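These notes are about the structure you will find just below.
The values are calculated or read from the model by the stated rules, or taken from the named source; none is laboratory data. No experiment lies behind these values; they were computed from the predicted model shown. Methodologically, a virtual Cβ is constructed for each residue, glycine included, from the backbone with ideal geometry; neighbour enumeration extends over all protein chains shown. Keep in mind that these areas ignore ligands, DNA and RNA; they rest on the heavy atoms of the full protein, side chains included. Shrake-Rupley method; radii C 1.70, N 1.55, O 1.52, S 1.80 Å.
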Amino acid sequence: MRKAFTLAATLLALALPLPARGADPGAVHDLSASRVEAKTIGIAIPPFDLAGGDPQKLGEAAARIVAFDLKFSGHFAPTTNMEFMRSAHERDRKRQAIDFAEWGTLTQNFLMKGSLEEAARGQMTMRVTVYNVKNGQQTYTNRYTGNVGKLREMAHLCADDLLKRIVNEDGVARTRIAFVGKSGGRKELFLMDYDGAGVRQVTQDKSLVLFPSLNPVYNQVLFTTYLHKNPDLYRLDLATGARYPISRKLGLNTTGDFSPDGKKVVFSLSYRGNSEIYVAGIDGSGLKKLTHDLSIETAPCWSPDGKYIAYTSDRPGVPQIYVMTANGENPRRLTFQGNWNDAPTWASTGDWIAFSSLQGGRYNIGMIDARQIGDDRRRDVIQLTGGTANSESPSFSPNGRHLTFMSNRSGTRQVYLMNLNGANVTQVTTLPGGGYTPAWGMPEADLRR
Amino acid sequence: MILAQNKLFRVLVGAIALVGLTTLGACSSDGSKDAAGGAGGAGAAGSGADNPEGSVPGGMADASALVDVYFDFDKSEIRSDAREALAKNAEWLIANKSAQVQIEGHCDERGTEEYNLALGERRANAVKDYLASLGVESARLYTISYGEELPVDPGHTDEAWSKNRRAHFLVTAQ
């Protein structure tokens, strides 16, 4: 992960002029117009073989899932010519030997051959072998067994394993995203795989649900619901569906974020008048007020080491990003660029804070260097999105290398993904009612109960 | 602010026109002395120029005698046109002593959902404080923010936005 970040940092550094010095408000560097593409590794993934004559589609689906994951990592450039790969693979099968010269016309890097076969009753085995196209050497092999119907999970695991092996990076192929969608015209909480597959509705409140956040340690989600005619903060156990109130005070109980150890929540309450930041246990116990201003303080998020909290304050007259210690001490302003910065989120690497940022009349995803957050230096804003649409509500992937966000560039608000250099923008929801305020979370299998 | 001069002008004119209409409506129902609540509720709802459909179910009746008030972009100050409207609303609330009223704060779709929810709360609170300053017992007034979630006008124009930046009133008990 550290190594991966260094790569991203180098790419960003290459793209940016030296930071401005002195008392100016800090510059805005628009990366959206001049994307730095990572150096990518070629790989051809023809449809997986199917023993037992299952429909051809399954073998092709497996290949496409692995290719999508590898492409999205930013490290690979999988071949997209499925027709060519299917026929080349067919010729290999007939002669029972791989024609590396032919595959070499597609890529000089890697070729992945996969197969699916029925194992025990209701079980399926996926085997993959990766070859170096240049010399025909087998460089990697792996196999996975799981329930038939778990094809996506196995393919995602396969992609993450290969990424780890080739570039030593923890991938996101098995992660998931919580977001707000619509059902019957009402906003409800939804969950999906990071690539937009497996969309499932979690709440049936038929009122208004807002601002989900996934626990990084336990299988839980945090959200605000108007179910009882007030915006109340709830935690929901995703394995059982059971929900527990965290805060139900009159007024706002909103924009919650779990602490890095998964045992506390930071959120905003307005029962004393204006919105302020509070912290409590995940059962709502030990409520403590962290901010004491007449202005709006909201949208808090924890630093990955648990020592700081970034949040939005409109003390300057317009919303800007601030940071304070986790005890509410030493609040300091972080952003000085533009008239509206909100919804901060802190990368798990600790290196970046991303947020929604009004630049040139549009909302875009901005990012600032969050290292040495205790010092007073002005930080430049790196603008990752652009164009005529809005992009808002960012959330980092668990490995800190990607962001999910909401954008209306397709005409309606939907959920998108991108890399930290602004490349690989990928729309993952196309829901009639839209997709809002996504929150990226860990793979379910890696969470405690 | 970012609002162009003529844009701001149009917003103000639009809001004043709206307030004018609804103020007229409120006057006539006041004049008929036909207790603005109860039966008046259903009758007035049909003719009301100001009948937002955004409200979430839960209120008992739409307080047709209570008119919406409007705000400038990213602001929660009570505008001069809103002061007139709130003076009328205060009259009704003082005349109907048992009415409990929910004040909903709303924002337009621009801006971020997170901050807008807090801004809606501040707008509702500003209205509550203003009504209290006119002699309405604040214990009868509840605030709730819906941020940008329940626009009256789903459009993406200056006109739609100016209508959506509002405080709306819902009589929850009478």
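Suppose we keep just the alpha-carbon trace of chain A; what are its Rg and Dmax in angstrom?
Rg and Dmax of chain A, Cα atoms, are 23.3, 77 Å.
Check which residues have an amide H placed less than 5 Å from residue A:402's amide H, if you skip close sequence neighbours.
Close amide H contacts, sequence-distant or interchain: A:397.
Report the charge-dipole magnitude of the stretch A:109-153 in Debye, nearest 20, computed about the Cα centre from +1 at each Lys and Arg Cβ and -1 at each Asp and Glu Cβ.
80
Could you work out, residue by residue across B:140-149, how many beta carbons of other chains sit within 10 Å of that residue's beta carbon, and then give the average as an integer?
4
For chain A, give the magnitude of the charge dipole about the Cα centre (Cβ charges: +1 Lys/Arg, -1 Asp/Glu; no others), in debye to the nearest 20.
Roughly 400 debye, rounded to the nearest 20.
Mean separation of Cα pairs under 8 Å and 6+ residues apart, divided by the residue count of the stretch A:317-380: what relative contact order is that in percent?
23
Please list the non-local residues whose amide H lies under 5 Å from the amide H of residue A:246, H modeled 1.01 Å from N, same-chain partners needing a gap of 5 or more.
Hits under the 5 Å cutoff: A:233, A:234, A:235.
Please list 3J(HN,Hα) in residue order for the stretch A:145-162, calculated via the Karplus relation 6.51 cos²θ - 1.76 cosθ + 1.60 where θ = phi - 60°; whole Hz, with x for glycine and proline.
Once rounded to whole Hz, the list reads 10, x, 4, 4, x, 9, 4, 4, 4, 5, 5, 5, 4, 4, 5, 5, 4, 5.
Taking θ = phi - 60°, what integer Hz values does the Karplus form 6.51 cos²θ - 1.76 cosθ + 1.60 yield along the stretch B:69-74, in sequence order, with x for Gly and Pro?
Here the 3J(HN,Hα) series is 10, 10, 10, 7, 4, 6 Hz.
Give the long-range amide H neighbours of residue A:338: residues separated by 5 or more places, or on another chain, with amide H under 5 Å away, using H modelled in the peptide plane at 1.01 Å from N.
For residue A:338, no residues qualify.
Which percent of the accessible area of the stretch A:217-272 is formed by carbon and sulfur heavy atoms (probe 1.4 angstrom)?
On the stretch A:217-272, the fraction of accessible area on carbon and sulfur atoms equals 48 percent.
Taking the Cα centre of the stretch A:126-173 as origin, sum charge times position over the Cβ atoms of Lys and Arg (+1) and Asp and Glu (-1), and report the length of that vector in debye to the nearest 20.
220
For the stretch A:41-167, how many pairs of lysine residues have a Cα-Cα distance under 16 Å, where the two are 8 or more positions apart or belong to different chains?
Step by step, the pairs that qualify in the stretch A:41-167 add up to 5.
Once both axes come from the Cα atoms, what is the angle between helix A:56-72 and the longest principal axis of chain A, in degrees from 0 to 90, rounded to 10?
The answer is roughly 50 degrees.
Could you provide, to the nearest whole Å², the per residue accessible area of the stretch A:222-289 with probe 1.4 Å?
Here the per-residue accessible area is 37 Å².
Averaged over peptide A:307-320, how many Cβ atoms belonging to another chain are found within 10 Å of each residue's Cβ?
2
With springs only between Cα atoms under 10 Å, which of A:427, A:359, A:123 fluctuates most in a Gaussian network model of chain A?
Its mean-square fluctuation being the largest, the pick is A:123.
Could you identify which residue out of A:213, A:275, A:87 has the top mean-square fluctuation in a GNM of chain A using Cα springs shorter than 10 Å?
Fluctuation is largest for A:87.
Under the definition of partner shielding as Cβ atoms of other protein chains within 10 Å of a residue Cβ, what is the mean value for peptide B:116-129?
Going residue by residue through B:116-129 and averaging, the value is 5.
Setting aside same-chain residues fewer than 8 positions from residue B:88, which lysines have a Cα under 16 Å from its Cα?
B:33, B:97, B:128
When DSSP beta bridges are limited to those with both residues in the stretch A:41-167, what percentage is antiparallel, rounded to the nearest 5?
About 70 percent, rounded to the nearest 5.
Show me the ranking of peptides A:237-249, A:295-307, B:76-88 by mean Cβ neighbours inside 10 Å, starting with the highest.
Order by mean packing, descending: A:295-307, B:76-88, A:237-249.
How long is the stretch B:60-118 along each principal axis, judged by its Cα atoms, biggest number first, in Å?
38, 28, 15
Which entries in A:288/B:163; A:206/A:307; A:187/A:249; A:289/B:75 show an alpha-carbon gap greater than 31 Å?
Too far apart for the 31 Å limit: A:288/B:163; A:206/A:307.
Quick one: compute a quarter of the convex hull surface over the Cα atoms of the stretch A:41-167 and quote it in nm².
Seen from a random direction, the Cα hull of the stretch A:41-167 projects 7.1 nm² on average.
First check a/c for the stretch A:206-341, with a ≥ b ≥ c the square roots of the eigenvalues of its C-alpha gyration tensor; if it is under 1.5, answer rounded, and if not, answer prolate when a/b is larger than b/c or oblate otherwise.
It comes out prolate by the Cα gyration axes.
Report the B-A buried area as the accessible area lost on both sides summed, probe 1.4 Å, in Å² to the nearest 100.
In total, this chain pair buries about 2500 Å².
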